[in-house]
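Asks: Below is a structure I'd like to ask you about.
The values are calculated or read from the model by the stated rules, or taken from the named source; none is laboratory data. Remember, predicted model here, so these are calculated numbers, not experimental data. Quick reminder, even Gly has a Cβ in these numbers, built from the backbone with ideal geometry, and neighbours come from all protein chains shown. Remember, those area values only see protein heavy atoms, side chains included, never the ligands or the DNA or RNA. Shrake-Rupley method; radii C 1.70, N 1.55, O 1.52, S 1.80 Å.
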Amino acid sequence: MLIRNGTIVTWANPNCILSGQAMRIENDKIAEIGDEQDLLLRYPDEEQVDAAGQYVMPGNICAHTHFYGAYSRGLAIPGKPAQDFPEILKKLWWPLDRALTLKDVRYSALLCLADAIKHGTTTLIDHHASPHVIAGSLDTIAEAVEVAGVRAALCYEVTGRNGAGQAREGIEENLRFIKRVQRGDDAGGRLAATFGLHASLTLTDQTLDECRKAISDGFGFHVHAAEHPEDQFDSLAKSGMRVIDRFKKHGILGPKTIVAHAVHVDAAETMVLAESGCWVAHQPRSNMNNAVGMAPVESMLRAGVRLCLGNDGFSNAMWEEWKAAYLAPKLFHHDPRRVSGTAVAEIAVYNNAQLASTLFEGLKIGMLEPGAQADLIFVDYHPYTSLTVENIPWHILFGFHESMVTTTIVAGQVLMKDRKLLTLDERAIAEEAMRLYPGVWERYNRQFE
């Protein structure tokens, strides 16, 4: 297809904003970007997609999310409100994931994927848990991903909180799905895999060693770390080491590993994260909601940590995460100079793109240029001041809204056109979820009786 009559924001390095140019997509890739009239003359029979004066941009990327959490919306925690994050885990997330069936897992994923397409998020890195239905759970999510048409990297969280048997099941589910993805026989390259681990506080040394031995060197893990001080106290009690040092000892860190949160890391741990080449996913909306604090974003960037932006299961409207990443540190530090728009763009655009391109090996994701994956969105934004490569982060922070996304394309396939979903029936998905949620909530509440 030829995409014409739009303003192209490439988010290449350096970024370019192109007017009067068109983009030709061939199969799943961008084949050419050039003068619109020239491309129309050279490809008169190509399908034309009129961007109608909108901005044409790479789709957003989410570096850490939880599809399984959809049924938490509106759910009341029994008894007194949780007073800290460890209590939130025990009162909300762990009983909820134990309440899920495979059908619940499927529809929870579909709900999140519809949300992602509507809000222009085209690549998501998920971290899954469903302790009573571990085997085949990643296939269930993968089937939803294939139907939706987005790009997703999946894993199952290995944890010891439900016993050694379930920890072993989690290892086996990761390995089975990794082998499936490595065969490369489905989803047209839109599926990737990491090896999921929950967090240091629910993992023994033996389980960490089993996970490291189970997969080849260089393969990436996806793990929560130092989200709350309790993770550090637990690690010190278990091993005499802080969390990041413990992970380093067990070979968990590396250039394909994602460490989620890293809110309570010290300077030495920050340097270990940088030297290991791993990725750190920052989720400011979740940090605020759980009152766990704020990751040392500027220190991490200065140290060379590859910091990315996720949402931890919040809505897949990633520009909302941009805004939280920009605003929250200012309030947290009582200093309006903290974390610039340029820094947020570095995290959310360039680092997220590098992470996605690392996980989906051989693919160029997150920029619009020849040879890159045709993952893009149309944004119906009408600026009333100049929009330039220098100030676009602030236009996104103070002007863009997820409702402005009108078209979403992944790997050359149109998933939403003029705000109408083409691959998913959102109404039917929501209606089925309405039929399923009473069972989920009943099984959740039964655990408190």
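Asks: Tell me the residue from G184, G163 that is over 20 Å from the mean Cα position of the chain (by Cα), open to solvent by less than 40 Å² (accessible area, probe 1.4 Å) and without any contact (Cβ under 8 Å) to a residue 24 or more places away in the chain, please. Full working, then the answer.
Replies: Working: G184 fails: open to solvent by less than 40 Å² (accessible area, probe 1.4 Å).
Answer to the check: G163.
Asks: Hey, which of the helices (runs of 4 or more DSSP H) in the range 259-365, taking only ones fully inside, have at least 2 residues that are under 22 Å from K248 (Cβ atoms), over 15 Å from the mean Cα position of the chain (by Cα) and modelled with pLDDT of 95 or more?
Replies: Numbers: elements: 267-276, 284-290, 297-303, 318-333, 341-345, 352-359.
Passing ranges, in order: 267-276, 297-303.
Asks: Here are V379, V389, V339: which of them is aliphatic (A, V, I, L, M), farther than 23 Å from A260 by Cα and open to solvent by less than 20 Å² (accessible area, probe 1.4 Å)? Break it down stepwise before answering.
Replies: Working: V389 fails: open to solvent by less than 20 Å² (accessible area, probe 1.4 Å); V339 fails: farther than 23 Å from A260 by Cα.
None of the other options fit; the residue is V379.
Asks: Can you name the residue in the range 393-425 that is of a type outside the set (V, I, T), assigned to a helix (DSSP H, G or I) and out of contact with any Lys or Arg (no Cβ under 8 Å at 6 or more places or on another chain) and, of all such residues, is surrounded by the most Cβ atoms within 10 Å (Cβ to Cβ)?
Replies: The residue in question is P393.
Asks: Is at least one residue of the range 387-407 small (G, A, S) and within 22 Å of the chain's Cα centre (by Cα)?
Replies: yes
Asks: Okay, moving on. Taking the conditions exactly as written (closer than 18 Å to N15 by Cβ, under 20 Å from the mean Cα position of the chain (by Cα) and in contact (Cβ under 8 Å) with a residue 40 or more places away in the chain), does V379 satisfy them or not? I'd like the intermediate steps shown before the answer.
Replies: Values: closer than 18 Å to N15 by Cβ: yes; under 20 Å from the mean Cα position of the chain (by Cα): no; in contact (Cβ under 8 Å) with a residue 40 or more places away in the chain: yes.
So V379 does not fit the description; no.
Asks: Same structure, new question: Take the conditions of a type outside the set (D, E) and touching a Pro at 6+ places or on another chain (Cβ under 8 Å) and apply them to A22. Does it pass?
Replies: Numbers: of a type outside the set (D, E): yes; touching a Pro at 6+ places or on another chain (Cβ under 8 Å): no.
Criteria not met by A22.
Asks: Here is a further query. When you scan the range 366-376, how many residues do you find that are open to solvent by less than 40 Å² (accessible area, probe 1.4 Å) and part of a loop (DSSP other than H, G, I, E, B)?
Replies: Result for the range 366-376: 7.
Asks: Spot the failing condition for V292; the list is (1) among the hydrophobic types (A, V, I, L, M, F, W, C); (2) surrounded by fewer than 19 Cβ atoms within 10 Å (Cβ to Cβ); (3) touching an Asp or Glu at 6+ places or on another chain (Cβ under 8 Å), and only one is missed.
Replies: (2)
Asks: I'd like to check which helices (runs of 4 or more DSSP H) are fully inside the range 150-254 and have at least 2 residues that are of a type outside the set (D, E, K, R) and in contact with a strand residue (DSSP E or B) (Cβ under 7 Å, 6 or more places away or on another chain).
Replies: Values: elements: 164-183, 205-214, 229-239, 243-249.
Where helices (runs of 4 or more DSSP H) fall fully within the range 150-254 and carry at least 2 residues being of a type outside the set (D, E, K, R) and in contact with a strand residue (DSSP E or B) (Cβ under 7 Å, 6 or more places away or on another chain), they are 164-183, 205-214, 243-249.
Asks: Return only the number of the condition from (1) closer than 27 Å to F67 by Cβ; (2) out of contact with any His (no Cβ under 6 Å at 6 or more places or on another chain) that A317 does not satisfy.
Replies: Just one mismatch for A317, condition (2).
Asks: Checking the conditions here, which among T270, T194, T257 is in contact with a Pro (Cβ under 8 Å, 6 or more places away or on another chain), open to solvent by less than 20 Å² (accessible area, probe 1.4 Å) and at negative phi?
Replies: Just one listed residue meets the conditions, T270.
Asks: Further question: Which condition from (1) under 21 Å from the mean Cα position of the chain (by Cα); (2) assigned to a helix (DSSP H, G or I) is the one that E431 breaks?
Replies: The number of the failed condition is (1).
Asks: Before we move on, is R24 part of a strand (DSSP E or B), open to solvent by 20 Å² or more (accessible area, probe 1.4 Å) and in contact with a helix residue (DSSP H, G or I) (Cβ under 7 Å, 6 or more places away or on another chain)?
Replies: In short, yes.
Asks: Determine which single condition C62 fails, assuming it passes every other condition in (1) buried (at least 21 other Cβ atoms within 10 Å of the Cβ); (2) farther than 26 Å from E402 by Cβ.
Replies: With (1) buried (at least 21 other Cβ atoms within 10 Å of the Cβ); (2) farther than 26 Å from E402 by Cβ applied to C62, the lone miss is (2).
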